[in-house]
């Protein structure tokens, strides 16, 4: 066990609509999709044509730049539609499930595999994209030599899930997944919220790390920064807790496992709850289950309110997220809304609002920008929610000017956009920090690689 | 409210994208967003946002300025009637001051905002709220009898040269309000120093004794005010700088709301106290032996360190940098006071000087972070090599 991490910077935004701790099963979805944008900076190249019937676990596309990484179908069914956007960019591969045929892999002897064979197995079976890589937050490079694998079971963002509850029936599979993954890396760090580690505390073959602190303490970047800070040229791998389980299930059955337990939460959700379903399920069916009135103007978010991706009620569950948040849109005017100490129903980290007086009160939020974009004026507010030894504002400015040398020096290798979620939220000038960091990372991948 | 909203939407129609008056949209939007926080929703990045915005921040600063401003208005009348020797009531003093000061504020806002609006339209961005504070600060640090046209020219100079020439709000190196005062100070010295300018209509009185405390000291004379009088503020000086008491109320608002940096304020007081104390020990002349506590409450030090040095754009931006910056402002302020009898008040020049050095301070603070990271890289490469 590591002596743990304690962060003092950050913030908790308490929101209404936390998911009730019941898990309902929902596996009979009529439409499933994979969205290539869930894999940062990956260019998909299709392996099958529209109309093809594929088995569960059959490859449907691969990464143009790393052809050995292939992505498989989460269900058995027909590739009914390839949704394309501007410049024929692939937005989503829509599958209609039918039958239950699945590709079988030989996994009975997994304990005897060496590192190369283990990597080969993950690549062939389509489990590889579960592994992420820092810097940049891309799909792991099978040829890389990472110094560790990081798993955070502490989801600290607003309304996020409790992984100990979410995976309570998968302890065995989780341990099996860890055992297998320990073949790939010298060390596995498994973190959990310090006050309650749950079953993660007793997992073997991994270093348990208790983490104490407000959001973004649960973010991998913060934990990597503390435990094994990334130097130029180094890599670490990452994986989400439920995907460890998916690998564990795969090893047992030999079939690709696309289990995704997702919390549908937020103030616009009638019955916020956990639903066990499949990666890429169409949201409308989950939303019905959770009693969301889809006629209202809502914001549907794949992920949390700070760093998630906006979608529609007919959109699809993201590849990685365990949370769908639904909050009302906020396209309304507020008369004299800029007066300090008024409108305290909006949560605020600034003391120019009296919202902080309410202590533990939970807030209803909407998507209003609460102002307009302005020049960067106020200083110190980004640092307050950024628990890393990095100057966030200076890094953002370096990213805006595209000065690669400066970005490297200020720590671009150690961050991903989600770490700037609270910076987006808190900054007075309404600067889109996550967007700036994302563009900068794209530039880094292009120029430095 | 809906009626008002609809009227506004109708009025704004010709300014919409692709319409006739599109270019002037920033000017109209400035008025619209003054009435209503707009209905804009998040399109990228975080889906929810804090209630705070630049308007709210700037309005908080203005709130913090109010106690000092109101006392300044009263004190203007008070000094006037005291020198005349006529009896007066509180209201009379206040009204006299208001007649002097409100026109200055109006001139400052009209001239400054006109330039700001023009630049916003010219550059095609929204009007930034920074000038709301600057425009209030400028009259507050002027002598009461300065002609309005000088206020106008100082404002124009500050906004054009100190701010817009550098790219507008957020980009300026010098604090615009202090630049306005420095401009007036060097361009019209007879209106900005001496013993007649600090009391309104002092020209009408023969035996005036309206010298500021620091001016008196610089001239080598004895100060007739007690520490408490200096603290409470019924002394001659620039309009709103005299009352440390009411400036402290403003400081509390700034610190409690987190809008002003307490580190800069604390650093400034610390720097000035230590410097003043060291000079006390030396004690070679009247200025040096001026008690260090008096230094903190006399002149514009309190106003400068609370409202000017804390301007986030022109101050140091890193946490460590803020301490260094604040301490140096304090040190230089007292040093200029003591060593430079031509400029009895040192706080303006100390802050402007440190404005110029703030990026340098930040550079070294950031560089130490960068060096730490590069050192880590170097040791890791040694290990793998």
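All of the numbers you see were taken from the coordinates with simple rules; none came from a lab. Since the structure is predicted, the reported quantities are computational estimates derived from the model, not experimental observations. A quick note on method: Cβ atoms are made from the backbone with ideal geometry, for glycine too, and the neighbour counts reach across all protein chains shown.
Odds and ends about this structure:
- What the Kirkwood sum gives for segment B:35-127 is a hydrodynamic radius of 17.0 Å, with every pair of different alpha carbons counted.
- Inter-part distance, segment A:314-331 to segment B:307-367, computed on C-alpha centroids, equals 48 Å.
- Two-site label geometry, residue B:165 and residue B:66: point separation in nm, points 7 Å out along Cα→Cβ: 3.6
- Label-to-label distance for residue A:232 and residue B:91 is 7.4 nm, based on points extended 7 Å past Cα in the beta-carbon direction.
- With Cα atoms defining each centre, segment A:255-306 and segment B:1-69 are spaced 34 Å apart in the structure.
- Percent of Cα pairs in segment A:113-225 per distance bin of 10 Å, from zero to the largest separation: 13, 44, 36, 7, 0.
- Percent of beta bridges antiparallel (DSSP, chain A, rounded to nearest 5): 65
- Normalised Debye scattering of segment A:313-359 at q = 0.29, 0.34 Å⁻¹ gives log10 I(q)/I(0) of -1.12, -1.27, counting only Cα atoms as equal scatterers and leaving out solvent.
- For A:284, A:350, A:152, order by how many other beta-carbon atoms lie within 10 Å, fewest first: A:284, A:350, A:152
- Length added when fully stretched, residue A:354-residue A:389, from 0.36 nm per residue minus Cα-Cα: 9.6 nm
- Share of pairwise Cα-Cα distances greater than 41 Å in chain A is 13 percent (whole percent).
- Fewest neighbouring Cβ atoms within 10 Å first, the residues A:112, B:320, B:163 line up as A:112, B:320, B:163.
- Sorted largest first, extent of segment B:157-287 alpha carbons per principal axis (Å): 47, 36, 29
- Extending 7 Å from Cα along the Cβ direction at residue B:285 and again at residue A:253 yields two label points whose distance is 9.1 nm.
- Rg to Rh, two decimals, where segment A:151-202 supplies the alpha carbon set and Rh follows Kirkwood: 0.98
- Applying 1/(1 + (r/R0)^6) with r as the Cβ-Cβ distance of residue A:289 and residue A:187 and R0 = 35 angstrom yields a FRET efficiency of 0.30.
- Taking 0.36 nm per residue of separation and subtracting the Cα-Cα distance, full extension of the segment from residue B:20 to residue B:273 would add 85.1 nm.
- Kirkwood hydrodynamic radius computed over chain B comes to 22.6 Å, based on all pairs of distinct alpha carbons.
- Each of A:245, B:269, A:48, B:356 was scored by other Cβ atoms within 10 Å of its Cβ. Listed from fewest to most, they are B:356, A:48, B:269, A:245.
- Globularity ratio of segment A:245-307, using Cα Rg and 2.2 N^0.38 Å: 1.33
- Shape metrics for segment A:42-156, restricted to C-alpha atoms - Rg then Dmax, Å: 15.9, 47
- Mean projected area in nm² (Cα convex hull; one quarter of hull surface) for segment B:220-308: 5.8
- Along each principal axis, Cα extent of segment A:5-253, largest first, Å: 53, 46, 38
- With eigenvalues of the C-alpha gyration tensor scaled by 5 and rooted, the protein assembly as shown, Å: 61, 29, 22
- Pairwise centroid distance, computed over Cα atoms, of segment A:62-129 with segment B:213-250, Å: 77
- Convex hull volume per residue in cubic angstrom - Cα atoms of segment A:369-447: 84
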